[in-house]
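Comments concern the structure below.
Just so it is clear, none of the values below were taken in a lab; they were calculated from the coordinates. Just so it is clear, the structure is predicted and the values come from calculations on it, not from any experiment. Cβ coordinates were reconstructed from backbone atoms using ideal geometry, including for glycine residues, and neighbour counts include every protein chain displayed.
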Amino acid sequence: MREITYAQALREALDEEMERDPNILLLGEDIGVYGGVFKVTEGLLEKYGPDRVIETPISEAGFVGAAVGLAMTGKRPMAELMFMDFAWVASDQIFNQAAKMRYMSGGRVKVPLVIRTQQGGGRGNAAQHSQSLEAVFTHIPGLKVALPSNPYDAKGLLKTALRDDNPVVFIEHKLLYNTKGPVPVEDYTVPFGQAAIKRPGDDVTLVSLSRTVLHALEAAEAAAEEGIDVEVIDLRTTVPLDLDTIVQSLKKTNRLVVAHEAHRRLGIGAEIAALVQEHAFDYLDAPILRVAAMDIPIPYSRVLEDVALPGPQDILDAVRRVVA
Amino acid sequence: MSLKKQDLLRMYKTMLLIRRFEEQAVQFSLQGELRGSLHPCIGQEATNVGAVFALRPDDLMTCTYRGHGHCIAKGLDPREGMAELLGRETGCSKGKGGSMHWTDPAIGLLGENAIVGAGAPIAVGAALSAKLDGSDRVAITFFGDGAINQGALLEALNLAAAWQAPVIFFCENNLYSEMTPIANMIGTETLAERAEGFGIPAMIVDGYDVIEVYEKTSEAVARARAGGGPTFIEAKTYRLFGHMVGDNEPYRTREEVEEWRARDPIKTFPERLQKEFKIAKKEIEAIREEVEAEIAEIARFALESPWPKVEEIETFVFA
Ligand SMILES: Cc1ncc(C[n+]2csc(CCOP(=O)(O)OP(=O)(O)O)c2C)c(N)n1
Ligand SMILES: [Mg+2]
């Protein structure tokens, strides 16, 4: 199969869906002539014109709100937040408006809106440009949340997001855009709520998401050399969350590690640990371990950022501890 | 004009120091010594220096990720600035903030900011604080043309008007917000007229004329100090470098850049000093040499500074 980058896979999803459905339109900063700061929307302005690729002022509250209005009146907008951190600027429109419209109206309206953004650290962008916030969106009812870790999922999940009738927060990682992977030419989607087993294993279940999946796979290979057989699960979406795949794996391994780049406190690891002890307590032979970013704003200096964010070594350490 | 020869020379020196500082920072970025994004203020030095020189050392200031010039003009030790860019313990923010988060309350600097528009309400609060204290300190907030479309900034304008806060909204209109021409993003001819809608007096200045920037900003500062409330200043300026290191600038023409470069204050101001103010060429050359020596020392200090201690990674999450 041909290999393309994560950025290219996302672009193909947007392009193919825009071609299929004339109601899909894009809004965001520098997404037109420049093609987006990560080049995901490159070429789309030329192809679809300024009515469907709308360059916005630096007005996140305004254009995300406008996207809600567009969505409520038959359009299918994709609003791009250049960095996840700017979601806070648009937070009322996301949390109080988009997320609740359907429910508050007793089902009278729907909001088929995709908010695409990218998050994560590792590039020295400091505390206001490096946050991983999936847990915040996961917490607020009414939003679906997807976090692809590879080009195949990026394309398939984005297509699902664009076809969904609900607000979807689609979270990319800034260090994944140039990663390559196999992506079929034919149309396909990746359904929400279905985790992927990236590597089968019998000794430890290692649940991860987004870029941390790459670290998890690296750690699993290292663990294999020590005779520990790790099953790596990529969540792919946090809402809906595929608890079943995790529990099935635990029945075999009886040990669970959850790894993510978001802060440890109330991260998705906390939710998974709680769910597992509610639903699968009897299968556990060891305490559940979490690997996550420290509970500090992401520091700038490389010597600090490297420590603040979890890496393959931190995951390997947790895997060793959970089998010890 | 209240500017004396020594002031003019100090203006020139500061502008040049900022230019050379930013060039050195770009160098460090290309060499991989500096991580993350770097947004040089190259081309905007006259705007920065003219405005900041109108302030007192105890006046308060917020600015943006493109704020190195303002901070150095306000008195931030450029060695600490460069050390911050290299993520060192001796940096003004202890290596925790980097290029976009220089902070130094000792010089009234309440922080650069990486969120567009976010510094404006903070400056209004600082101005209100000064007013409540009965002090005559003023606050200034620097922001770009693009920030004019942020809700936080527009709310700040209204708060300042309603409270008659002693604050100057200083907009550096360099024609582009990142890669987008501001002209495509607004419904008015100028940015200044926006402020008038809030009941805030506004003026437009030539950001490439450091003396004009100084004089107009001084008027605004005097009004704020005397209890006359906020002013909005739109400075027409231009960056002679990309939005950030790595920007390949497809959104603007070479001709446009060259047109502004011909007026580059770093080149034209010393000429003006000689012609209009009869300052000797050798005095200007002495400043150039001084700045070169300073830059070498700044770079050395930063490179030789220790890394932050990992044991202190959690320090400063809370007071
Ligand atoms: C709330 C928010 N949205 C978007 C960005 C990304 N961004 C950084 S700088 C910039 C352009 C700002 O333009 P302008 O205000 O004109 O300042 P300039 O960079 O030209 O100095 C953008 C969109 C951001 N940092 N914060
Ligand atoms: Mg600008």
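Kirkwood Rh, region B:5-302, all Cα pairs: how many Å? It would help to have the intermediate numbers written out before the result.
Numbers: mean 1/r = 0.0522 Å⁻¹.
Kirkwood hydrodynamic radius for region B:5-302: 19.1 Å.
What does the charge count around B:THR14 come to, taking other residues whose C-beta lies under 12 Å from its C-beta (Lys +1, Arg +1, Asp -1, Glu -1)? Write out the running numbers ahead of the final one.
Working: positive: B:ARG10, B:LYS13, B:ARG19, B:ARG20, B:LYS74; negative: B:ASP7, B:GLU45, B:GLU290, B:GLU294.
Summing Lys/Arg as +1 and Asp/Glu as -1 gives +1.
How much length is gained on full extension from A:ASP202 to A:LYS39, taking 0.36 nm per residue of separation minus their Cα-Cα distance? Walk me through the intermediate numbers first.
On the way: separation 163, 0.36 × 163 = 58.68 nm, distance 4.04 nm.
In short, 54.6 nm is gained.
Say each of B:THR315 and A:ASP317 gets a label point 7 Å from the Cα, pointing the same way as Cα to Cβ; how far apart are those two points in nm?
2.1
For B:ILE204, what residues show an amide H to amide H distance below 5 Å, using hydrogens built from the backbone and excluding near sequence neighbours?
Long-range HN contacts for B:ILE204: B:GLU234.
From the cross-link list A:LYS144/B:LYS96; B:LYS5/B:LYS236; A:LYS180/A:LYS251; B:LYS216/B:LYS275, which pairs have alpha carbons spaced over 28 Å apart? Each step should come with its number before you reach the end.
Numbers: A:LYS144/B:LYS96 33 Å; B:LYS5/B:LYS236 26 Å; A:LYS180/A:LYS251 33 Å; B:LYS216/B:LYS275 23 Å.
Beyond 28 Å: A:LYS144/B:LYS96; A:LYS180/A:LYS251.
Taking 7 Å along the Cα-to-C-beta vector as the label spot, tell me the A:ARG108-A:HIS139 distance in nanometres, rounded to one decimal.
Once both label points are built, they end up 3.1 nm from each other.
In the protein assembly as shown, what percentage of the DSSP-assigned beta bridges are antiparallel, given to the nearest 5? Numbers along the way, then the final one.
Working: 11 of 66 bridges.
Restricted to the protein assembly as shown, the bridges split so that about 15 percent are antiparallel.
Per-residue HN-Hα couplings for region B:164-173, Karplus 6.51 cos²θ - 1.76 cosθ + 1.60 at θ = phi - 60°, whole Hz, x for Gly and Pro?
Going residue by residue, I get 6, 6, x, 9, 10, 8, 10, 9, 8, 7 Hz, with x marking Gly and Pro.
What is the order of B:CYS71, B:CYS92, fewest Cβ neighbours within 10 Å to most?
Numbers: B:CYS71 29, B:CYS92 24.
Ordered by Cβ neighbours within 10 Å, fewest first: B:CYS92, B:CYS71.
With r as the distance between the Cβ atoms of B:GLU297 and A:ARG123 and R0 = 45 Å, compute the FRET efficiency 1/(1 + (r/R0)^6) and round to 0.05.
Values: r = 29 Å, r/R0 = 0.65.
Calculated transfer efficiency: 0.95.
Could you give the length gained by full extension between A:ALA286 and A:ASP306, i.e. 0.36 nm per residue of separation minus their alpha carbon distance, to one decimal place?
Separation in residues times 0.36 nm, less the Cα-Cα distance, equals 4.4 nm.
Report the full-extension gain for the segment B:SER2 to B:ASP58: residue separation times 0.36 nm, less the Cα-Cα distance, to one decimal in nm. Intermediate results must be reported in sequence, preceding the final value.
Numbers: separation 56, 0.36 × 56 = 20.16 nm, distance 2.02 nm.
18.1 nm is the gain from fully extending B:SER2 to B:ASP58.
Please label the shape of region A:1-55 as rounded, prolate or oblate, based on the square roots a ≥ b ≥ c of the eigenvalues of the alpha-carbon gyration tensor (a/c under 1.5 means rounded; beyond that, a/b larger than b/c means prolate, else oblate).
Details: a/c = 2.41, a/b = 1.29, b/c = 1.88.
Oblate shape, in that a/c is at least 1.5 and b/c is the bigger or equal ratio.
For region A:3-182, what class follows from the C-alpha gyration tensor (a ≥ b ≥ c being the square roots of its eigenvalues): rounded when a/c is under 1.5, otherwise prolate if a/b is larger than b/c, else oblate? Don't jump to the answer; show the numbers that get you there.
Numbers: a/c = 1.45, a/b = 1.18, b/c = 1.23.
In terms of gyration-tensor shape, rounded.
For region B:242-264 and region B:100-146, compute the distance between their C-alpha centroids and round to whole Å.
29
If you restrict to DSSP beta bridges whose two residues both lie in region A:3-182, what percentage is antiparallel, to the nearest 5? Please list the in-between numbers first.
On the way: 3 of 24 bridges.
Once the DSSP bridges in region A:3-182 are tallied, antiparallel ones form about 10 percent.
Of all DSSP beta bridges in chain A, what percent run antiparallel (nearest 5)?
Bridges in chain A that DSSP calls antiparallel: roughly 20 percent.
For a quick check of your reading of the filter: which GluC sites (Glu not before Pro) in region B:236-311 sit in a DSSP loop and have no more than 16 other Cβ atoms within 10 Å? Walk me through the intermediate numbers first.
Numbers: sites: B:GLU255, B:GLU256, B:GLU258, B:GLU259, B:GLU271, B:GLU276, B:GLU283, B:GLU285, B:GLU289, B:GLU290, B:GLU292, B:GLU294, B:GLU297, B:GLU304, B:GLU311; in loops: B:GLU276.
Qualifying residues, ordered by number: B:GLU276.
Step by step: find N for chain A, compute 2.2 N^0.38 Å, then divide the Cα radius of gyration by it. What's the final number?
Working: Rg = 19.4 Å, N = 324, 2.2 N^0.38 = 19.8 Å.
Its radius of gyration relative to the 2.2 N^0.38 Å reference: 0.98.
Grab the eigenvalues of the alpha-carbon gyration tensor for the protein assembly as shown, scale each by 5, take roots, and send me the semi-axes largest first in whole angstrom.
Values: eigenvalues 434, 160, 102 Å².
So the equivalent ellipsoid measures 47, 28, 23 Å along its semi-axes.
Over chain B, what relative contact order in percent results from Cα pairs under 8 Å that are six or more residues apart? It would help to have the intermediate numbers written out before the result.
Working: 587 pairs, mean separation 73.4, N = 319.
Answer for chain B is 23 percent.
With each run of n ≥ 4 DSSP H residues scored as -39500 (n - 2.57), what mean residue ellipticity at 222 nm is computed for chain A after dividing by its residue count and rounding to the nearest 500 deg cm²/dmol? Spell out each step's value before the answer.
Values: 11 runs with 112 residues, N = 324.
After summing the helix terms and dividing by residue count, I get -10000 deg cm²/dmol.
Distance in nm between label sites at B:ASN184 and A:GLU46, each 7 Å beyond Cα in the beta-carbon direction?
Going from the B:ASN184 label point to the A:GLU46 one covers 1.5 nm.
Could you tally the net charge around A:ASN166, taking each other residue with its Cβ under 9 Å from the Cβ of A:ASN166, Lys/Arg +1 and Asp/Glu -1?
Numbers: positive: A:ARG102, A:LYS110, A:LYS144; negative: A:ASP164, A:ASP165.
Net local charge, A:ASN166 excluded: +1.
Quick check on chain B: helices-only [θ] at 222 nm, where DSSP H runs of length 4 and up contribute -39,500 (n - 2.57) each and the sum goes over total residues. Nearest 500, please.
Details: 11 runs with 141 residues, N = 319.
It lands at -14000 deg cm²/dmol.
Please identify every one of the GluC sites (Glu not before Pro) in region A:223-322 that sits in a loop by DSSP and has no more than 16 other beta carbons within 10 Å of its own beta carbon. Provide the component values of the computation, followed by the final result.
On the way: sites: A:GLU225, A:GLU226, A:GLU231, A:GLU261, A:GLU271, A:GLU278, A:GLU305; in loops: A:GLU226.
When the GluC sites (Glu not before Pro) of region A:223-322 are filtered for loop state and at most 16 Cβ neighbours within 10 Å, A:GLU226 remain.
Tell me the net charge near A:LYS198. Cut-off is 12 Å between Cβ atoms, A:LYS198 excluded, with +1 for each Lys or Arg and -1 for each Asp or Glu. List each step's numbers first, then the result.
Working: positive: A:ARG199, A:ARG236; negative: A:ASP153, A:GLU218, A:GLU221, A:GLU231, A:ASP234.
Within the 12 Å Cβ shell, the charges total -3.
Expressed as a rounded percentage, what relative contact order does region A:3-182 have, with Cα pairs under 8 Å and six or more residues apart?
Working: 361 pairs, mean separation 48.6, N = 180.
Answer for region A:3-182 is 27 percent.
Need one value for B:248-256: mean number of C-beta atoms belonging to other chains within 10 Å of its residues' C-beta atoms. Display every interim value, and only then the final one.
Values: counts 1, 1, 3, 4, 0, 0, 0, 0, 0.
Whole-number average of other-chain Cβ neighbours for B:248-256 is 1.
Going by the alpha-carbon gyration tensor, a ≥ b ≥ c the square roots of its eigenvalues, is region B:1-128 rounded (a/c under 1.5) or, if a/c is not under 1.5, prolate (a/b greater than b/c) versus oblate? Show your work: numbers first, answer last.
Working: a/c = 1.83, a/b = 1.20, b/c = 1.53.
Because a/c hits 1.5 or more and a/b fails to exceed b/c, region B:1-128 counts as oblate.
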